[in-house]
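Working notes, structure below.
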Amino acid sequence: MIRKASIMYVYKDQYEEYKRRHDEIWPEMEKELKAHGAHNYSIFLDHETGQLFAYLEVEDEEKWGKMADTEICKKWWAYMDPLMETNPDNSPVSKELKNVFYLA
């Protein structure tokens with residue numbers, strides 16, 4: 001498995017709604033994430049800053065990279081756009097983090 005981590009940003013007045021939407025993730029979104037090799041996907045919130053820390057494991061970078069091209073992913077991004085910092089295509093503004101330590 002390939003471990004991936006990134007940082008995103010949710011608006012401070014949208015914490016509860018962000019969590020609610022993820023608690024009620026669409027079944028078709030969950031299915032597509034798994035179909036593109038996502039495992040152990042977690043998102044953590046720094047309540048003071050609105051910074052989100054996302055962690056997931058993927059089977060294959062190329063396969064995972066195709067997730068962003070799916071209609072359900074684009075629909076999810078549009079759904080989440082009002083809650084967080086996004087790019088012009090509605091994808092979350094994110095910064096990929098480099099793995100510097102791992103203990104199995």
*In Å², what does the accessible area per residue of the chain work out to with a 1.4 Å probe?*
68
_Using a 10 angstrom Cβ neighbour count of at most 14 plus a DSSP loop assignment to flag exposed chymotrypsin sites (Phe, Trp or Tyr not before Pro), which longest range of the chain is free of such sites?_
12-100
_Rounded, prolate or oblate for the stretch 25-83? Axes are the square roots of the Cα gyration tensor eigenvalues, ordered a ≥ b ≥ c, and the cut-off for rounded is a/c under 1.5._
oblate
_Rounded, prolate or oblate (a/c below 1.5 giving rounded, otherwise prolate when a/b exceeds b/c) for the chain by Cα gyration tensor_ = oblate
_At R0 = 25 Å, how high is the FRET efficiency between Glu71 and Lys12 if r is their beta carbon distance? Nearest 0.05 is fine._
0.25
_Largest-first ordering by accessible area, 1.4 Å probe, given options His22, His36_ = His22, His36
*Among the lysines, which have Cα under 17 Å from the Cα of Lys95 when same-chain residues fewer than 8 positions away are ignored?*
Lys4
*How much of Met8 can a 1.4 Å solvent probe reach, expressed as accessible area in Å² and rounded to 10?*
20
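The values are calculated or read from the model by the stated rules, or taken from the named source; none is laboratory data. Just so it is clear, the model here is predicted, and its values are computed rather than measured. Every residue, glycine among them, receives a Cβ derived from its backbone with ideal geometry; neighbour counts consider all protein chains shown. The accessibility values were calculated without ligands, DNA or RNA, using every heavy atom of the protein model including side chains. Shrake-Rupley method; radii C 1.70, N 1.55, O 1.52, S 1.80 Å.
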